[in-house]
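The values are calculated or read from the model by the stated rules, or taken from the named source; none is laboratory data. As the structure is a computational prediction, the values presented were derived from the model and not from experiment. Using ideal geometry, Cβ is built from the backbone for each residue, glycine included, and neighbour counts are taken over all protein chains shown.
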There are 2 protein chains.
Amino acid sequence: MTRRPWNFSAGPSALPQQVLQTAAEQMQDWQGTGVSVLEMSHRGNAFMQIFEQAQIDLRRLLDLPQDYAILFGTGGAIGQNAIVPMNLMGKKAQADYIVSGSWSEKSAQQAGCYGDVRILASSGKVLEQDGKQYPAWAWFPGIADADDWQVRPDSAYLHFCSNETIGGVEFADWAALADRITAQSVGGADVPLVVDASSNILSRPLDIARTGLVYAGAQKNAGAAGLTLIIIRRDLLGRALPVCPFGFDYTKMEQAQSMYNTPPTYAIYIAGLVFRWLLEQGGVEAMEQRNRAKSRLLYNFIDQSGFYVNRVHAGFRSRMNIPFQLTADADGSLSKRFVQQAEQAGLLELKGHRSAGGMRASLYNALPLQAVQALVDFMQEFEKRYG
Amino acid sequence: MTRRPWNFSAGPSALPQQVLQTAAEQMQDWQGTGVSVLEMSHRGNAFMQIFEQAQIDLRRLLDLPQDYAILFGTGGAIGQNAIVPMNLMGKKAQADYIVSGSWSEKSAQQAGCYGDVRILASSGKVLEQDGKQYPAWAWFPGIADADDWQVRPDSAYLHFCSNETIGGVEFADWAALADRITAQSVGGADVPLVVDASSNILSRPLDIARTGLVYAGAQKNAGAAGLTLIIIRRDLLGRALPVCPFGFDYTKMEQAQSMYNTPPTYAIYIAGLVFRWLLEQGGVEAMEQRNRAKSRLLYNFIDQSGFYVNRVHAGFRSRMNIPFQLTADADGSLSKRFVQQAEQAGLLELKGHRSAGGMRASLYNALPLQAVQALVDFMQEFEKRYG
C-alpha cells in the first residue's frame, strides 16, 4: 500500500493510527515488563494499572458524576438487550421502548422475554406526518410532536437507541427526552432512561447524568469488539431477576469491579489507548466539532446532488453513520459498482447494510475529515461517469 | 529486560513468542490490506478468511467429528455456567453435577437457578478414603470406586470440570466417565456429558466425541481473554429455555455462524494464530508429550522435597496448574518471600489463588520445559536458603 486506505466500516471500525502504533510497539513487551498485555493476569499489578487508568480516563471523557459506576462487560449490545431487562425490570415487570430502527426493535423484542414491554412509538407506527409517508428508517420526524408517547409511570425504565447504526438515525438530546418524561410523570414517578449508545458514545457530549443506564459495544468509538461499556446510576443496582446470570448481574459486576469473571483484558487495553488519544485530541467536545464538520461535508454534498440521496429526516440524521442511495439504480448494479470502484480507490466498507441496500459511510472519531473529502471527491467522479 | 521472563499466570497466560511477533508485525497492516485486524468489519472478506481458517484449524486440532459445531462466544466459563443450563435443561428441567473444586462448585450453584440440580459427588463429600482425610482440593480419589454416583437417567446432562485451575485437579479420561454413565443408564437413557475444559483444552488429546458439549475460556491455551470456545453436538441444539438471551442461544449462534452478534474479532484472530502454532508444533499429541515432561519435572522435584508439597491425589494431579505449599510457613510470610524473589528472578505470577494460598505454577502450552527447569532451579536455591 502506498497509503493507508480509509475505512468506513460500521463496526468494528477504524482506529487512530497512533493507537495501532502503540499497540504494535507494546505487543511483545508492555513498558519493560517483558510481557504482552495479552498475557497479563487480570489481577496483576501491570494490568490493574491499565484497567484503572482506562476507567479514570473514561470517567473524565464522559464527565461522569460519582453516582454512576462504569462496568466493563462482554456480549455487546445484543447481549445487553437481555441483560438490561434481567437487571432492571425488577418487581415492576414492565418497561417502555421506543423503536427507531432495527437495533431498538431487537431490544424491544428481546425485553419481552422478561416482562411486559410496550412500544410507545416506532418508526413503523409514526410513518405518517403532515400527510407524507416516511420510509421505515426515517425516525419519528419531530419527536416533540409525538404526543401519543405515554410513558407508563410504573415502568421500570424507558429504553431507546441514541444512534441507529443501520438506519443512520440519531437522537442526541437526551435531556429533552428526560424533560418530557418528567413533564408527563404522574405524581413525580421516576422512569429512568436506558440508552443504547453503541454508535454515538464518545462522539459528542451526551447528557448521561439524565439517564439511568447507558451501554455501548466498544467496537465503534471505543476500540475493539468484545468489550461492552456499561454506565449505571448506582441506585439502579440490586434489582436483578433470579434468572439473571451471575456474571451479567450488574450488582455482582460492580462489587467485583468488573472482575466477577475474567474481563476482556486486551479489548480494555485498546479502549484505554483510545480514551487517552481522545483526551489528547481535546475530548468529546473536540470530537463533536470534527464530527459535525465531517458529516456536514457529506450531507451537503449528497443534498446538492440529484444522483445521491439520504432520506433521513434532517433533525435526526446521524453524524456517525450516513446511509445513502443512488436515485436511479433499480437493480442495485450501479451501487455494487460504486462499492467496488470505491474499494479500488482505497475507500473501504462502503456497502450498505444487507437489510438496507445502497451505501453507508460510517464516520467514527478515528476517521479524519480528509477521508470524508476523499469520499466526496470519489462520489463526484463517480457521478460524472455514471450520472 | 535481558531476556523475556517466564510467565506462570493461570490465565490470561503466556502466549507463544511467535504468535506475539506475528501480531506485532500485522498490527498496523494485515497482509497488505492496510487495515489492522482490530479495525476489520466482522463480515468483510479479510476477517472471514481469518475466521474460517481458525475454525478449520481448531476442528483439525481437536479431531472434531462433523456432527459437532464450533461456536465462538463471549462471557467466559462463568457466563457458560448460566448459558449451559439455559440452553440444555430443556423440558427435563434437571441436571447432575460433579463438584471437584471451586469452578465446578460455581457451575452447580448457578445451574440451580434454571432447574433441579443434584450434586452427585463433591470434593467435600468424598473426603474420606481408606480412613484418610483429604483436603478439599484433593478430588475424589479413585473415581472408579465412587459407587454412590447415581446419574439420574432423566437428567438433561452431567456436568463436570476437567481441570480445576485453582485446585490443580484434572480428570482427562472422559471416555471412562461416558462408559460409566452408559453402564449405569436405565433403559439406554442418554445423559450427555458437559465439560468445562477451560484450562486443559488443547493441552492433550481429549475425547470430545464422547461428550455432548465442551466449553472453554480461551485465555489459557487458546489465546486472549474475551473469547469462549463452545463445542456442541448438533442434536443438543434447539432446547433453549425462553429466558435464554438470544445472543447466547446456541441454536441462534449456530444458525448465524457465531455472528448473531459482533464476535470478539481480535481474540478470534489471536486464537487462530495459536491454533496455527499448535499445528506447526505437532498438534495436541505433541503438546501432551511436552506437558507430561514439564509437569513431571515439577511434581518429581516437589515430591522428593520435604520443603515443598502438593497434596492432590496422584491420579488427579493437573498437568496444567500445579499448586504447591511450603511445608512450614505458618504465617505465609515465607510464601510471600518466595513469590517476590521468584519475580525478581524473572519467574512471574507464582502466587497461589487467594482462596488457596501458597504458590501455583501454570504450565500451559506456550511455556517451554526450559521455564519449568528455571523454576525448579529457583526452588532448589530457595530451599537451600530457607529450608
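Within the range B:91-107, the set of residues being in a helix (DSSP H, G or I), within 17 Å of residue B:197 (Cβ to Cβ) and away from chain A (no Cβ under 14 Å) comprises B:104 only.
Residues of the range B:8-36 being closer than 23 Å to residue A:41 by Cα and part of a helix (DSSP H, G or I), which ones?
B:17, B:18, B:19, B:20, B:21, B:22, B:23, B:24
Among the residues of the range B:297-313 satisfying the criterion of being of a type outside the set (Gly, Ala, Ser) and in a loop (DSSP other than H, G, I, E, B), which is farthest from residue B:372 (Cα to Cα)?
Filtering first and then ranking leaves B:313.
On inspection, residue B:342 qualifies as modelled with pLDDT of 95 or more and among the aliphatic types (A, V, I, L, M). Filtering the range B:41-58 to residues that are within 10 Å of chain A (Cβ to nearest Cβ), among the small types (Gly, Ala, Ser) and part of a helix (DSSP H, G or I) leaves only B:46.
Looking only at the range B:328-387, residues that are away from every other protein chain (no Cβ under 14 Å), aromatic (Phe, Trp, Tyr) and closer than 28 Å to residue B:274 by Cβ come to 1 in all.
Do we find a residue being facing chain A (nearest Cβ under 9 Å), within 21 Å of residue B:44 (Cβ to Cβ) and not in a loop (DSSP other than H, G, I, E, B) anywhere in the range B:269-289? The answer is yes; a qualifying residue exists. Scanning the range A:26-40 for residues that are more than 8 Å from chain B (Cβ to nearest Cβ) and not polar (S, T, N, Q) gives A:30, A:37. Within the range A:318-352, being buried (at least 22 other Cβ atoms within 10 Å of the Cβ) and basic (Lys, Arg) holds for A:319, A:351. Consider the range B:209-226 and keep the residues that are outside any loop (DSSP other than H, G, I, E, B) and under 14 Å from the mean Cα position of the chain (by Cα). The one that is farthest from the other protein chains (Cβ to nearest Cβ) is B:214. Which of (1) among the polar types (S, T, N, Q); (2) more than 14 Å from every other protein chain (Cβ to nearest Cβ); (3) farther than 20 Å from residue B:117 by Cβ does residue B:199 not meet, given it meets every other one? Only one criterion in (1) among the polar types (S, T, N, Q); (2) more than 14 Å from every other protein chain (Cβ to nearest Cβ); (3) farther than 20 Å from residue B:117 by Cβ is unmet by residue B:199, namely (2). Whenever a residue of the range A:69-89 is facing chain B (nearest Cβ under 7 Å) and in contact (Cβ under 8 Å) with a residue 12 or more places away in the chain, its partners that are crowded, with 24+ Cβ neighbours inside 10 Å and assigned to a strand (DSSP E or B), lying with C-beta atoms within less than 7 angstrom and at least six residues away or across chains, give the pairs A:74/A:228; A:75/A:228; A:76/A:217; A:76/A:228; A:79/A:228.
Scanning the range A:333-341 for any residue that is over 26 Å from residue A:62 (Cβ atoms) and part of a loop (DSSP other than H, G, I, E, B) turns up nothing. Only one entry in A:79, A:90, A:75 is touching a strand residue (DSSP E or B) at 6+ places or on another chain (Cβ under 7 Å), crowded, with 16+ Cβ neighbours inside 10 Å and at positive phi, namely A:75. Quick check: is even one residue across the range A:361-370 among the hydroxyl-bearing types (Ser, Thr, Tyr), within 25 Å of the chain's Cα centre (by Cα) and at pLDDT 95 or above? Yes, there is a match, as at least one residue in the range A:361-370 is among the hydroxyl-bearing types (Ser, Thr, Tyr), within 25 Å of the chain's Cα centre (by Cα) and at pLDDT 95 or above. Residue B:234 falls short on exactly one of the conditions (1) under 28 Å from residue A:9 (Cβ atoms); (2) out of contact with any Lys or Arg (no Cβ under 9 Å at 6 or more places or on another chain), and that condition is (1). For residue B:200, the stated conditions hold: it is part of a loop (DSSP other than H, G, I, E, B), touching a strand residue (DSSP E or B) at 6+ places or on another chain (Cβ under 8 Å), crowded, with 24+ Cβ neighbours inside 10 Å and at pLDDT 95 or above.
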